[in-house]
Every structure is written in structure tokens, then in C-alpha cells.
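Visitor: This is the structure, below, for whatever I ask next.
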Amino acid sequence: MIEAQMISGVATLAGRKSILKLAERMSSSFSQAVAASSYQTWTKVVGKTGEDIRVCSRKNLSDPGEPIGVILCAVFSLWLPVPPHTLFHFLRDDARRNEWDAMFGGDKVESIANLAKGQDRGNSVSIQTRGSKESSSMWILQDASTNSSESMVVYSGVDVSGMQSVMTGCDSGSLTILPSGFSILPDGAESRSLLITRQKDHKSSDTHGGALLTAAVQIVTDASPSAKPTVDSVEYVKSIVCCTMKNIRSSLGCCEDDC
């Protein structure tokens, strides 16, 4: 048991529980941020090459769990000719993060800790750092979850000293996080192919279906809750989500016509 604890990068049970609790809060916050409701008005904006992007803003007045101020969120969905499980494992792989991550500069990352949270190896929580662990002022907390219906990869920059406290078992409730991430849904093509195959009573091995990928990026546009998002801030968050999707397309070998 001790050996498994050290392999994970977190030596105590209390530390692992605290990290998993923080990751659960992060993913729940992400889901709430991208959900449609009467309290969130989404505005359609168009990318430089015609992308249909939705943007909304909200204000955090007092919640210590996320940054105080005006928060802007941009969401962009597209279809990719890639099986959902392939896309999921690409996005959760810290060794390939630099291929798509426009928000954190595209630098290579180093894994500090990795915690399994289920039998599927894809269900895990990891802590990553850009460059040297000793010199970095911010780490990345990532929560990856997958099942037959949907997969999610959610991440947020976290303060190093705060994260180190959480890793020792301290309460994570006041650690500030602002998650961005991905939702991956199967497009149904594989299920339809299996149905047709059974009806025709012959085997087919080359149809795996594609995936519907939704990316969401959140940023703080102003530390004052009374401020309003500027045109520049909208353009910035829009460029981040577009660049991220472009990087994913390129890394997976998807041409513009396919996507």
C-alpha cells in the first residue's frame, strides 16, 4: 500500500481524499459554467473562419472557491472523425498536452501526481507542472472521467502553495480554481453501424464513428465585480478556444473539410 501511495505522488490517504474532493468541485463547477439556464445568457460570436462560438459572462462577488470579479466563458463545439475513446486519451495525456494547450502556452508539462478514481485507467486526477516543479508558480489540476455515454477532461491552474497544502490533507474549500475543459460525446455512428451489421448479418470492422467535442474556456476579465467584459476580452477568450480546437485538429490529422 505504501508503495502505491508513493507512486501516485501523494503519500497520505488524507492528501488523496482532499485532492479528489477538489477535483470533484472543479468538474462540478465546470458543468455549471457551461450549462444553459435562465441565469446565464449566451451570446453568439463568430470566429475568423466562421466558427459558431457562444460567450457568456458572470460575476463572482464573494465565493472564495473561484476568482472574485467578472468571469467570461467561451464555448465551441465541433465534430471530429475520431473515435471518442481516442480523443479522450489524447486530451488526458500529459505528454501530449503541449500539442493543444493554447491557454497555458503550449509548454511541455511534467506529472507531479496521478490518482486513479475508478477501474478504467482513464478515470484519474492528476497534478501537472510546466517546466521545473521547483521553479513553477502555478500547477495544473486535471480531472479525467469516462464512461460509455460521455467523457470529460477538466483542468484549472492552481496556486502551488495552496495545492501543496491540499496534498498534505488540508481542506481544499478555499483554494481558488477556474476550470476550463472538454466534453466528448459519441456521434452515434458506431451504434447505427452495429445495428445495420446485425440486420445484414455480416461483419464490419472499419466503422468506429466520430465524436462531438465541446471545448470551454474561462478567464477573469476584471477583478472588480462591477466591471463589464470588454471587446478585447471577448476577442481574447474567443481566440483561445479557437486556437485550442485548431491545435487538436492538427494533432489528430483532421483537415478542415473533415471538421
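Visitor: Filter segment 113-127 down to the residues that are open to solvent by less than 30 Å² (accessible area, probe 1.4 Å) and either touching a residue at least 24 places away in the same chain (Cβ under 8 Å) or of a type in the set (Val, Ile, Thr) (or both) and list them by number.
Guide: Ala113, Leu115, Gly122, Ser124, Val125, Ser126, Ile127
Visitor: Next question. Restrict the check to segment 173-194 and report whether at least one residue is of a type in the set (Phe, Trp, Tyr), open to solvent by less than 50 Å² (accessible area, probe 1.4 Å) and either over 24 Å from Gly105 (Cβ atoms) or at pLDDT 85 or above (or both).
Guide: yes
Visitor: Considering segment 62-88 alone, what residues qualify as being out of contact with any strand residue (DSSP E or B) (no Cβ under 9 Å at 6 or more places or on another chain) and open to solvent by 60 Å² or more (accessible area, probe 1.4 Å)?
Guide: Selection gives Ser62, Asp63, Pro64.
Visitor: Name, by its number, the condition in (1) free of Cβ contacts under 8 Å to residues at least 40 places away in the same chain; (2) open to solvent by less than 50 Å² (accessible area, probe 1.4 Å) that does not hold for Phe104.
Guide: Every listed condition holds for Phe104 apart from (1).
Visitor: While we're looking at this one, here's another question. In this structure, does Val217 turn out to be β-branched (Val, Ile, Thr), in contact with a Pro (Cβ under 9 Å, 6 or more places away or on another chain) and either modelled with pLDDT of 95 or more or in a loop (DSSP other than H, G, I, E, B) (or both)?
Guide: no
Visitor: Let me ask something else about it. Give the number of residues within segment 70-111 that are in a helix (DSSP H, G or I) and touching a Ser or Thr at 6+ places or on another chain (Cβ under 9 Å).
Guide: Qualifying residue count for the region: 12.
The values are calculated or read from the model by the stated rules, or taken from the named source; none is laboratory data. Worth saying up front: this structure is predicted, and the values here are computed from it rather than measured. So basically every Cβ, Gly included, is an ideal-geometry build from the backbone, and we count neighbours across all protein chains shown. In case anyone asks, the SASA skips ligands and DNA or RNA and just uses the protein heavy atoms, side chains included. Shrake-Rupley method; radii C 1.70, N 1.55, O 1.52, S 1.80 Å.
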